[in-house]
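The values are calculated or read from the model by the stated rules, or taken from the named source; none is laboratory data. Here the structure is a predicted model, which means the values were calculated and not measured. What goes into the accessible areas is simple: the full protein's heavy atoms, side chains included, and nothing from ligands, DNA or RNA. Shrake-Rupley method; radii C 1.70, N 1.55, O 1.52, S 1.80 Å.
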Amino acid sequence: MGFIRALMGLSVIGLLAAGPLAILIEETEIRTPEAARPADAALVFGALVRESQISPLHAERLDAAAQLFIDGKIQRIVVSNAPRAAAVMSDYLVERGVPQQAIEVDPHAIKTPHTCANELDRGQPRDVILISQRFHLPRIAYQCRKLGLEGQYVAADQPREEISSARAPLAVLRIRAARYVREAALVWASLLEAYPGRPA
């Protein structure tokens, strides 16, 4: 009996913790790059850059933006991050054939909402695509809509065809689960006004 109560208690806690994120996932229309409609610009949300190296997760976002540009669906790409990291993102796109003049560098985005706040601060509204992974996009939608920015939400996720070992899929599952747990916590922080919106 005690075990059942403990299990029920954990289930309730899990529902409370993940509930807001689950609602946002349900409410957010996420498109693939192929299904994206043409827009003026794509906002590429930053990720941590170590020793000027773009991580695989970060590369997915930039590759998705580059493909949208090559396909003629966007005219501009905004790389948004801290100063040095944003410059590395820009260099990555140039190396993949995106003209420098088509890239806008936003070097003042330390947190997710800063990207949208900085776009709004341009003062010239435009149709935008917001690019990140599926686990990140529901929170992006919530935080950016709250600031007043709407757009298309495009998932940069790519299939991991290179996974071959028996242990690799479990590692990927563990990493993805950790990301959703983190997102659930950050959604709660946003709801409780404990997550910064505009840059200081």
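The order of ILE23, ILE110, ILE140, ILE30 by accessible area, most exposed first and with a 1.4 Å probe, is ILE110, ILE23, ILE30, ILE140. Amide H contacts of ALA82 (H built 1.01 Å from N, in plane; Pro and chain starts excluded): ALA109 sit under 5 Å, all sequence-distant by 5 or more or on other chains. The H on the amide N of ALA42, modeled in the peptide plane, is under 5 Å from the matching H of ARG76, ILE77, VAL78, ILE129, each at least 5 residues off or on a different chain. In this view, the solvent-accessible surface of HIS108, computed with a 1.4 Å probe and all protein chains in place, comes to about 120 Å².
Remark: segment 59-67, residue by residue, has Karplus-estimated 3J(HN,Hα) of 4, 4, 5, 5, 5, 5, 5, 4, 5 Hz, where x stands for each Gly or Pro and the curve is 6.51 cos²θ - 1.76 cosθ + 1.60 at θ = phi - 60°.
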